[in-house]
Amino acid sequence: MKWYEDTIRDDKNIHRMYIALVITFAGNLLLAFGKWTAALHSGSAALHADALNSFSDVLYSITLIIGLLISIKPADLSHPHGHERFEPVVGLVISLSMGWAGIAALRESLQKLNGAPSTIEPGMPVLVLICSAIIKFLMYYSIRKIAQSISNRALEAAAKDNLMDTMTSATAALGILLSNLISPLADPIAGLLLSVWILRTAVMTFIENFNYLTGHGATQEKLNTLRSEIESVPGVSGVHQLYAEYIGTKLRLDVHIDLDGNMPLSQVHDIETEIENKMAQRGDIDHVFIHAEPLEKSK
């Protein structure tokens, strides 16, 4: 009698995940202190907003490390299908961290707009922000590549956050430059735009990971694809029922297939095993429950 899955973990995937975690934490820590130092010396609202966002990134980096270390633990009696469902929990924490940074940046920018904004010297602040944008884009590219290779939703959320940070740093640098060329109001306006962008990304990330945790169903397009793949297995006459819902970041399927009623049990078992293996190869399926029915009865 088996009480939980004994699937062997892919050490190569775990190694890739460790690399992504090191890149995320080290990069965010370096940028947070660099931006904060530059913000204190410049007084830029846009740079201050970006620095707050980087400190929130450091916090989520720590959460990301803890959460993903839990998610790679092997299955046990408490979690018989493994701990991968901790990934969307980490994604939710990342979204809340983004939201905190967005609200803080919004408040700071509004205070600057209501006060008397001053022209910001573009030297060090702009240099820091340009370097930040370059570093964040490199982080986005590398982490996204790793996330896609191992199908890790938490790392995908982290990659999105890095892309957002690339845009916010570039916008903050533009605001500082425009505060010199056009009006001192350009800097707090840039900070305002940054905060809106941060909050938008936070809401989208929250909704995506919330759906993973609440059993959100697959799209009709994906259902059609899954049905076609199952019906392509030799011996399957059709699929008359298919449910697909997210259990964590992967789909769990409940499928009813039509088979020849005179088929021997051993052949039915072989067909079910082939369907399970076919779905497992996709990488986005957690488990498949198969119910076989005689073709004559299902009609």
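The values are calculated or read from the model by the stated rules, or taken from the named source; none is laboratory data. In this text, all values refer to a predicted model and were calculated from it rather than measured experimentally. Cβ sites come from the backbone with ideal geometry, for glycine too, and all protein chains shown count toward neighbours.
Each row is one residue, and each column tells you yes or no for (1) surrounded by fewer than 20 Cβ atoms within 10 Å (Cβ to Cβ); (2) of a type in the set (F, W, Y); (3) modelled with pLDDT under 80.
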site: A186; (1), (2), (3): no, no, yes
site: A190; (1), (2), (3): no, no, yes
site: L194; (1), (2), (3): no, no, yes
site: I207; (1), (2), (3): yes, no, no
site: Q220; (1), (2), (3): yes, no, no
site: E229; (1), (2), (3): yes, no, no
site: Y243; (1), (2), (3): yes, yes, no
site: L251; (1), (2), (3): no, no, no
Please verify whether the range 68-87 includes one or more residues that are at pLDDT 75 or above, small (G, A, S), part of a helix (DSSP H, G or I) and in the same structural domain as L193 (by TED's automatic domain parsing). no
For the range 183-197, does any single residue satisfy the condition of being without any contact (Cβ under 8 Å) to a residue 12 or more places away in the chain, out of contact with any Ser or Thr (no Cβ under 7 Å at 6 or more places or on another chain) and polar (S, T, N, Q)? yes
Checked against (1) more than 20 Å from the chain's Cα centre (by Cα); (2) of a type outside the set (D, E); (3) not assigned by TED's automatic domain parsing to the domain that holds A26, L193 satisfies every condition except (3)
Within the range 219-263, how many residues are farther than 13 Å from L295 by Cβ and in contact with a helix residue (DSSP H, G or I) (Cβ under 7 Å, 6 or more places away or on another chain)? 10
Give the number of residues within the range 106-119 that are touching a Gly at 6+ places or on another chain (Cβ under 8 Å), buried (at least 18 other Cβ atoms within 10 Å of the Cβ) and modelled with pLDDT under 75. 2
Within the range 151-174, residues β-branched (V, I, T) and modelled with pLDDT under 80 come out as T168, T171
Identify, from the list I103, I65, I19, the residue that is part of a helix (DSSP H, G or I), within 30 Å of D187 (Cα to Cα), β-branched (V, I, T) and at pLDDT 80 or above. I103
Would you check if L30 is modelled with pLDDT under 80, under 24 Å from V90 (Cβ atoms) and more than 16 Å from the chain's Cα centre (by Cα)? no
Pair list, Cβ under 7 Å, 6 or more apart: the range 26-43 residue assigned by TED's automatic domain parsing to the domain that holds G123, other residue in a helix (DSSP H, G or I) and β-branched (V, I, T): G27/I135; N28/V58; L29/V58; L31/I135; A32/V58; G34/V128; K35/V128; A38/V128
If a residue must be in a helix (DSSP H, G or I) and without any contact (Cβ under 8 Å) to a residue 40 or more places away in the chain, how many such residues does the range 270-284 contain? 7
